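This report concerns only the one structure given below.
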Amino acid sequence: MAMNASIQSRRLLPAVLAAACSVGAAFGLCRMAATGPVPIPEPQTGPSAEHGRRLFVQSCAHCHGDDARGSGEDGDGPDLFGLRIGNARIAAVISTGIPEEMPSFAKKHGAADVADLTAYLRTIR
Amino acid sequence: MTIDPTTWSKLHGATTHFPIALMLVSAFCDGASLACGKADWQRALRSTATVTVVLGALGSYAAVATGLIVAKWQFWGHGTLLHHHQFVWPAFALMVGLATWRAAARFSPSRKPPIAYLILMVFAAALMSGAGYWGGELLNHG
């Protein structure tokens with residue numbers, strides 16, 4: 001009985017390793033996908049609403065919906081049509097987030113991206 | 001060739017129910033084997049529990065892969081997705097770990113599984129149910 005328990009205990013190591021490797025691999029894949037290849041910056045003349053739209057689909061649509069109507073998969077984000085706040089405020093919310101409601105995107109999107117996102121949000125009304 | 005964005009969501013829905021159902025069935029079979037008095041029934045229930053937990057663990061990789069694609073590779077996310085993941089990751093780790101333990105230790109169907117295994121299995125089934133609940137919330141409010 002004691003020997004049997006000992007054998008079963010020794011089988012714990014592969015079990016713990018399998019569990020840790022599986023979750024670790026998932027985490028690693030997410031990190032790789034988040035980092036991705038370093039894009040070559042293109043010369044820009046001003047904020048691009050078109051690029052902002054692509055960024056929106058990538059980072060915001062999950063909560064705000066593909067159409068920015070607040071019907072994302074996560075369902076938490078509000079409708080962003082006809083925002084009655086200034087560009088600086090929109091940029092600040094994207095960069096710093098809203099406590100308990102929206103995460104900060106400062107690490108993911110730099111000033112140029114935020115300007116593009118703001119430009120895109122200005123086009124929807 | 002482009003893939004319809006909803007395809008991954010449908011695939012996640014299709015793959016995710018197998019590990020949930022198989023883990024719950026496995027936990028139920030182990031529980032029923034404790035309550036059942038007939039030795040041949042106990043063996044049958046424990047063998048079923050072994051097969052279902054191993055198949056469920058294998059199936060959970062497909063569910064996790066499609067889920068990560070749907071979630072745009074967010075390991076945690078936020079809001080409802082975060083709640084979903086707070087249950088998914090421990091449930092996934094426990095399911096893979098328990099299935100590996102059960103397969104590696106070759107629990108005899110004529111003996112009771114270790115009490116630690118049974119406790120962790122109940123815990124994993126509860127976590128899996130929570131993951132399923134928050135997954136449903138994502139679907140309903142998405």
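The values are calculated or read from the model by the stated rules, or taken from the named source; none is laboratory data. The structure presented is a predicted model; accordingly, all values stated were derived computationally and were not measured. Positions of Cβ are generated from backbone atoms using ideal geometry, with glycine treated the same way; all protein chains shown enter the neighbour counts. Remember, those area values only see protein heavy atoms, side chains included, never the ligands or the DNA or RNA. Shrake-Rupley method; radii C 1.70, N 1.55, O 1.52, S 1.80 Å.
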Q: Collect the residues in the range B:81-99 that are open to solvent by less than 40 Å² (accessible area, probe 1.4 Å) and either among the charged types (D, E, K, R) or within 9 Å of another protein chain (Cβ to nearest Cβ) (or both), keeping them in residue-number order.
A: B:L81, B:W89, B:F92, B:A93, B:L94, B:M95, B:V96, B:G97, B:L98, B:A99
Q. Among the residues of the range A:89-101, which ones are on the phi < 0 side of the Ramachandran plot and either at pLDDT 85 or above or of a type in the set (V, I, T) (or both)?
A. A:R89, A:I90, A:A91, A:A92, A:V93, A:I94, A:S95, A:T96, A:I98
Q. How about the range A:44-125: which helices (runs of 4 or more DSSP H) wholly inside it have at least 1 residues that are farther than 23 Å from B:W76 by Cα and open to solvent by 50 Å² or more (accessible area, probe 1.4 Å)?
A. A:49-55, A:87-96, A:111-123
Q. Among all residue pairs at least 6 apart or on different chains, which show Cβ distances below 6 Å where the first residue, located in the range A:43-72, is on the phi > 0 side of the Ramachandran plot and free of Cβ contacts under 8 Å to residues at least 24 places away in the same chain and the second is crowded, with 21+ Cβ neighbours inside 10 Å and assigned to a helix (DSSP H, G or I)?
A. A:G70/A:H64
**Q.** Any chance B:Q42 is closer than 26 Å to A:P78 by Cβ, out of contact with any strand residue (DSSP E or B) (no Cβ under 8 Å at 6 or more places or on another chain) and either without any contact (Cβ under 8 Å) to a residue 40 or more places away in the chain or not in a loop (DSSP other than H, G, I, E, B) (or both)
**A.** no
Q: Restrict the check to the range B:108-130 and report whether at least one residue is part of a helix (DSSP H, G or I), touching a Gly at 6+ places or on another chain (Cβ under 6 Å) and either at the interface with chain A (Cβ under 9 Å from one of its Cβ atoms) or in contact (Cβ under 8 Å) with a residue 40 or more places away in the chain (or both).
A: no
**Q.** Selection from the range B:40-80 of residues that are buried (at least 20 other Cβ atoms within 10 Å of the Cβ), β-branched (V, I, T) and away from chain A (no Cβ under 14 Å)
**A.** B:T52
